[in-house]
Amino acid sequence: MVESNAFVLTHSTLNPQRSTINSALPMPAAKSKTSNILFLTGSDESAVKKAASALVEKLAPGADAFGLEVIDGAVDTVDASVNALNEAVQSLLTLPFLGGSKLVWLKSASCLADSVAGRSDAVLEAVEKLCSVLKEGLPGGVTFVLSAPQADKRRTAYKTFSKLAETVVHDMPDLGFRAGEEEIIEWTTSRVHERDLQLAADAVVALTARVGLDTRQLDNELEKLETAFGKSRPISAADVRMLVPQTREGGIFDLSEAIARRNLLLALETLDQQFRQGEKGVGLLLAAIVPTVRNLLLVKELLVRHKLSAPAQPHFFAGTLKRLPESALAHLPRKKDGTLNAYPLGIAAMNASHYSLPELEAGFASCAAANQQLLSGSPTDHIILTRLLIGLMARAGR
């Protein structure tokens, strides 16, 4: 969106290679001189904070108290929000010391968010006062940077700042209506490549399972991995499991991966950890064990019946499935939009060689029996699922 005296740039965190701007700095629009008002916002809080810090350092490197005034806008109460806004106004109207230049940074302002404090009349009045000062023009030598993650784009103040300021928007990645596990993994992979880290494919998947689309946590975890292993050492899924906190989703992934790879030790360790975290047996059975065994069984039957080869990567399996007749695909799991959920089937296809078809058929039947036992409440959930995993994954003769 380009206004006569301002412009808005959208920074894509999904595919940084397509971005036309430096993620830290706004670029002046053609035929427009650089403004002394800069507005950084968006739903990606981590990206907004990093970009604002880089911008301030660029504009006022090593500035002292006379050259840089930082006002903390990350506050929760109405009074604190009003005080921060009033302080910003006072700083903007104060001439630079000895006729020099001054940068005023209202940092991480929460007053523009859709919150109780942000909607209060007192805060709205203070925001309007700030807008009026900016409309009248700042004193010579004064530059204003406003960083406001999670700002409500519906508000009049947001539109005013966007018109008055050079505006950079850092939003969370829009993966589209049909986005699924594969798209989130691709996004995580792009962030890994930005840091030049050497994460194995299964390590990226494990990291994705633990972090999801939380860019702030992802940046923190990547920094942790880089500190521990550096940029040149290959980082494995075991390394990720060791350093990145295990969320419920991460535990579900570890259990599913262990079953797919027929790693009984990892499966039992993960099962114990999930129970220690308060998970219920029925939830673990239906979220991790049944879907994994079902996918392995479905794919193993396809591989055997149609004499197919296992894919080298999970996403390659979608092309294999397209070559099969529709009648062979009718019973396969699908996404909400009706398309095949090919990525988890690709993971299953890569690991189907660890099991025979009769083993998987017997294992799926055992899942149904375990479900009945869990509903009856005897024996304990832990014992039921431990017996199920041992019966499914232990190899004959061992």
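Read-outs throughout are calculated quantities, based only on the coordinates presented, and are distinct from any laboratory measurement. Keep in mind it's a predicted model, so treat the numbers as computed, not measured. Glycine also receives a Cβ, built like all others from the backbone with ideal geometry; neighbour counts cover every protein chain displayed.
Here are a few things to note about the model shown:
- DSSP beta bridge pairing in the chain, given as percent antiparallel to the nearest 5: 15
- With an a/c value under 1.5 for the gyration tensor axes a ≥ b ≥ c computed over the alpha-carbon atoms, segment 181-245 is described as rounded.
- Relative exposure of M393, M172, M242, judged by other C-beta atoms within 10 Å (fewest first): M242, M172, M393
- Along each principal axis, Cα extent of segment 211-343, largest first, Å: 49, 37, 30
- Rounded, prolate or oblate (a/c below 1.5 giving rounded, otherwise prolate when a/b exceeds b/c) for segment 240-296 by Cα gyration tensor: oblate
- Cα centroid separation, segment 131-154 to segment 349-398: 61 Å.
- Once the gyration tensor of the Cα atoms in segment 291-393 is diagonalised, the equivalent ellipsoid follows with semi-axes of 29, 15, 11 Å, ordered largest first.
- Of G118, N371, P358, farthest towards positive along the dipole that unit charges on Lys, Arg, Asp, Glu beta carbons give the chain: P358
- About its Cα centre, the chain has a charge dipole of approximately 1200 debye under the convention of +1 per Lys or Arg Cβ and -1 per Asp or Glu Cβ, with nothing else charged.
- Filtered trypsin sites (Lys or Arg not before Pro), segment 206-245: DSSP coil and at most 11 other beta carbons within 10 Å: K231
- Over all other residues within a Cβ to Cβ distance under 12 Å of D239, the charged ones net out to 0, with Lys and Arg as +1 and Asp and Glu as -1.
- Evaluated at q = 0.14, 0.19, 0.30 Å⁻¹: base-10 log I(q)/I(0), Debye formula over Cα of segment 318-373: -0.53, -0.88, -1.13
- Between 0 and 90 degrees, the angle of helix 215-229 with respect to the longest Cα principal axis of the chain falls at about 70 degrees.
- Once the Cα atoms are used to define both axes, helix 357-376 deviates from the longest principal axis of the chain by about 70 degrees.
- Rg/Rh for segment 286-346 stands at 0.93; both radii use Cα atoms, and Rh follows the Kirkwood definition.
- Computed on the chain, the Cα convex hull volume stands at 190 Å³ per residue.
- Neighbour net charge for E87 - beta-carbon separation under 11 angstrom, K R +1, D E -1: -2
- Helical mean residue ellipticity (222 nm; -39500 (n - 2.57) per DSSP H run of 4+; nearest 500) of the chain: -16000 deg cm²/dmol
- Helix 342-351 vs. the chain, principal-axis angle (Cα, 0 to 90°, nearest 10): 50
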